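What follows is a set of notes on a single structure, which appears directly below.
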Amino acid sequence: MTGELHEAKRPVSAVLAGPYGHPFHPMLVAVPIGAWVASMVFDLASRFAPDPGFLAEGSKWLIAIGVLGALAAAMAGFLDLFAIPAGTPAFRTGLLHMGLNLVITAAYAAGFLWRQTGPAAGTSAGEVALGPLLLSAGSLALLVVSGYLGGKLAYRYGVRVADEATQAGGFRR
């Protein structure tokens, strides 16, 4: 294994990014992903529920939790990106993954602020307006693409996971 490939699997700082083979970034992304998926469920349910106010309010706060969780995940992810040698396909994939996540987080933050203005004209009292709902749906679609890229970094390029010899140990009898 070349030195560059080996370096890409080691953290810049194990205290901040997680120990070798157990990076914090993949653990932390569960918070924004879960919060944003749940917010979409609440958004859709608010369009059909007889008293949708609590669903719209819950969705708004799930979005806020997701934004805060994304910021925490981004810090660890940024450290992981520093461990990848520049100019490699893994580094380019990491930059695209990071860029998409920044756009997604900004879109959700904007959606949270949009929802602070109250229900839109033409919607039932409390239901999530079509504009914020579509913004969340588009952001969630981008999140799927970004998640695919994150999986590619870990499972195809092996970024921040155990080296091949350690991985092979799990398949011996």
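At a glance:
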{"read-out": "For region 16-108: relative contact order, % (alpha-carbon pairs under 8 angstrom, 6 or more apart)", "value": "32"}
{"read-out": "Karplus (6.51, -1.76, 1.60) ³J(HN,Hα), θ = phi - 60°, over region 102-115, in Hz, Gly and Pro reported as x", "value": "5, 5, 4, 5, 5, 5, 5, 4, 5, x, 4, 5, 4, 5"}
{"read-out": "Distance in nm between pseudo-label sites at residue 71 and residue 117 (7 Å out along the Cβ direction from Cα)", "value": "2.3"}
{"read-out": "Contour minus Cα-Cα distance for residue 78 and residue 30 (0.36 nm per residue)", "value": "15.6 nm"}
{"read-out": "Extended-chain gain in nm, criterion 0.36 nm per residue less alpha-carbon gap, residue 134 and residue 57", "value": "26.1 nm"}
{"read-out": "Overall form of region 78-118 per C-alpha gyration tensor (a/c, 1.5; a/b vs b/c)", "value": "prolate"}
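FYI, it's all coordinate maths here, none of it is from the lab. Because the structure is predicted, anything quoted here is derived from the model rather than measured. Cβ: placed from backbone, ideal geometry, glycine included. Neighbour counts: every protein chain shown.
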